[in-house]
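The numbers here are math on the coordinates, done by the rules we state, and not lab data. Owing to the predicted nature of the structure, the values given are computational and were not obtained by experimental measurement.
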Amino acid sequence: MMEIGLNHYLVLSTILFAIGLVGVMRRKNLLLLFFATEILLNSVNIAFAAISHYYGDLTGQMFAFFVIAIAASEVAVGLGLLIVWFKRHGNIDLDTMTSMRG
Amino acid sequence: MFEAIAFYLFAFLTIAMFYIVVTTKQALYALTALAAGMIFISAFFFILGADFLGAVQIIVYTGAVMALYAFGMMFFDSTRDVKEKQGNKFIVVGLATLAAVLVVVIFAAPMLSENIVAFYPQLEGVGNTQQVGLVLFTKYLIPFEVAAVMLLVAMVAGIVLAGKKMDLSLTLMNAEEIEEAEEKNKKVLS
């Protein structure tokens, strides 16, 4: 209980990942959907850092860096697209994004 | 002892903050809670001895990404309550838990099945930042440069997408000018 091992971090990572997935599934607003994906990426980062520490290997930290870089570029492009969509249609709800009639 | 206290404290705080992010109806509360959660996550990196990663987490996530979201939210109507999907909550929570456990199993299965040997063992008597530099600029040099190009592409894309028609402001125009601009927009789009 008092000795924090790898399993503690993996359980924490699971909980945070589950919270992020619940957010992805129940949100309709695209901006809040982006927030939920940030939670997913961060929970995986915790798992990478923990494994890197407990196995004495730096590869996990390297992958965490690349995940952070990808998250930053995803935010830049995604937010740009959201702004364009909002200027044209006035809302960013997923349900209204049906341009094909079928 | 202190490690355990810090771990449980920050675990509780992180989970509470992220719970607020996925449940609140106000977009501004979600933004603030997410920024706080990012700071608390950097605490885990410091506990784990990944000092450089923790500093990068604070600078990039709370400094850059959250500021970008905050500026982006100026374009959106963030005071309105967010509508939710009305689905079966048990199915959503069950599926999410299942998928999360699956991810951890994917992580943990190779470790259990075979003894992992460290490719890049941590050096003695060298700080974490120095080790990160040594590995990043030797073994991971090509991915590092590809990431730099990707960030450049993302920056150009962000400028091109968000910078269109920055000169018109809907709040400073009167009604006729707005209608005229919308007519022009429709012609362009159709």
Per residue, the convex hull enclosing the Cα atoms of the protein assembly as shown spans a volume in Å³ of 168 Å³
Any aspartates and glutamates whose Cα falls less than 14 Å from that of A:K28, other than same-chain ones fewer than 8 residues away, would be A:D93, A:D95, B:D81, B:E84
Relative to chain A, whose Cα atoms define the longest principal axis, helix A:59-89 and its Cα axis are tilted in degrees, nearest 10, by 10 degrees
Semi-axes in Å, largest first, for the stretch A:6-91 (Cα gyration tensor, √(5λ)) are 30, 16, 4
Only helices counted: for the protein assembly as shown, with every DSSP H run of 4 or more residues adding -39500 (n - 2.57) and the sum spread over all residues, [θ] at 222 nm is -24000 deg cm²/dmol
For B:K184, the aspartates and glutamates lying under 13 Å Cα to Cα, once residues fewer than eight places off in the same chain are dropped, come out as B:E176
